[in-house]
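The values are calculated or read from the model by the stated rules, or taken from the named source; none is laboratory data. Bear in mind the structure is a predicted one, so any value in this text is a computation, not a measurement. So basically every Cβ, Gly included, is an ideal-geometry build from the backbone, and we count neighbours across all protein chains shown.
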Amino acid sequence: MTKGVFTKSNAKNKIPPYLYIISSFLIVIFVGTLLLLLPISVQKGEHISFIDAFFTTVSSVCVTGLTVIPNVGQTFSVFGKIIIALLIEIGGLSFLTLTIFFMITFRVKLGISESFLMREQLNQGSIKDLEKLIVKIVIITLSIQFIGAIISTFIFYFSPIPDYIGRNWTFGECIGLGLFHSISAFNNAGFDILGTSISLLPYSSNILLNVVTMILIILGGIGFTVLIDIYENKRWRRLSLHSKISLITTSFLIIFGTIAIKCSMWNDLTLLESIFMAVTCRTAGYSTYDMSQISNVCYCVVLVLMFIGASSGSTGGGVKTSTVFIVINFIVNYALGKSANAFYRKISNKVLLKALALINFALLFNVLMTIIICAFEPNIDFKMLLFEQVSAFSTTGLSMGITSKLNAGSQFVLCISMFIGRVGPLTFMGMMNKHWLSEANENVRYVEENVMIG
């Protein structure tokens, strides 16, 4: 057997790439928790428990934004805020992507094993040109965040709000705020360190900050491969099927979400606040309105948008836009007696089955986790608990204000949901797949028999 060649015959002796992906996130969470527990990570006179540090780390690495600490900006020191920002960056890009990027930078040759690992991490169909793709992803990501940080810095400087000690920010503090905000927004994390404990509510009418934040959220949530595809091909007809589906579905959800949210909260939300909510509830987690005050119709719309989430290969969570598009496309075409297709391209049965498996897993998982949380929290309204669970699974980070009031058991359940939501349900299901390197070739063939459906 040739050295370094990854074949079907020796695949059984290799550790599945899914396990590496999961392990990398767990290691970062472990290290991050220890760092946030250090006295230097919190402000003088402040103290956080292990569960506080653990929950904050999981929320950061899983780019969620839920927090059991009422005021992140007031609780953590500059060092602690830097750690949180780094955890968000690592969680958004993934530890493995950054590791491979540095290996490429220092000209360390990648083996076939690393290539297959990154193929699974980036959800690619092949290992061709993966090194170039990783370099492009990191460069584009850092460039967008740098531009966002510059703009955000000047917004905070010229439109300051009094912080928790009653003074305006210095320009140096605005640089830190701008950088943190850009990282958090692009990675769809939803963390803020403004020191207000009410997210971006003080900036609900600031058009520039709202627009910049939404652009960062959309760019981070549209998917790295889509951004690269747009940059390289520019014209619509040259884009890949995945890019077209992601762009069409994202645009539809933003427009539909804005109209539905505005109509359901006509007298309470401005058009700007409605657009912002439609964008941010698709895994970003920032809020310019008190979510505990939304109407029942708005609640349902937000719940659906959170569940769908961002696009595949992005910093966002949820079941992903392409998954929902493919399932709906299949339902419509099945009703018409046709096979699933889009933009003059046939959608393969393999992709369809994967989409159906993901949707069903997500639904069952959220039902189960919600039941468990309800058992832990018998005195909290079911609607709030369901909202919290879906927000955690979709790594959205929006809350109806009950996260810090939950007991340790419920918070741990949310941590599990955030972790699975970020790493991806398909990654966990893939760990049970013995044929992860190639298509399954079962030795036993069973006789088909019809089962009544519907």
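There is no residue in the range 323-340 that is among the hydroxyl-bearing types (Ser, Thr, Tyr), touching a Gly at 6+ places or on another chain (Cβ under 6 Å) and surrounded by fewer than 23 Cβ atoms within 10 Å (Cβ to Cβ).
Would you confirm, using the coordinates I've provided, whether ILE420 is within 19 Å of the chain's Cα centre (by Cα), crowded, with 16+ Cβ neighbours inside 10 Å and at pLDDT below 95? The answer is yes for ILE420. Find the residue count for the range 325-351, including only residues that are over 19 Å from SER311 (Cβ atoms) and part of a helix (DSSP H, G or I). Of the residues in that region, 7 qualify. Taking the range 270-302 as the range and being in a helix (DSSP H, G or I) and within 15 Å of the chain's Cα centre (by Cα) as the test, the residues that pass are VAL279, THR280.
Against the conditions (1) modelled with pLDDT under 85; (2) surrounded by 15 or more Cβ atoms within 10 Å (Cβ to Cβ); (3) assigned to a loop (DSSP other than H, G, I, E, B), ILE21 satisfies every one except (3). Among the residues of the range 193-218, those identified as in contact with a Gly (Cβ under 9 Å, 6 or more places away or on another chain) and closer than 17 Å to SER292 by Cβ are THR196, SER197, SER199. At least 3 residues being without any contact (Cβ under 8 Å) to a residue 24 or more places away in the chain is the threshold, and among the helices (runs of 4 or more DSSP H) wholly inside the range 169-267 those reaching it are 171-186, 224-233, 241-264. Taking (1) of a type in the set (A, V, I, L, M, F, W, C); (2) more than 24 Å from GLY318 (Cα to Cα); (3) assigned to a helix (DSSP H, G or I) in turn, PHE55 satisfies each apart from (2).
Residues in the range 230-257 that are crowded, with 19+ Cβ neighbours inside 10 Å and among the polar types (S, T, N, Q) were compared, and the one that is farthest from LEU352 (Cα to Cα) is THR250.
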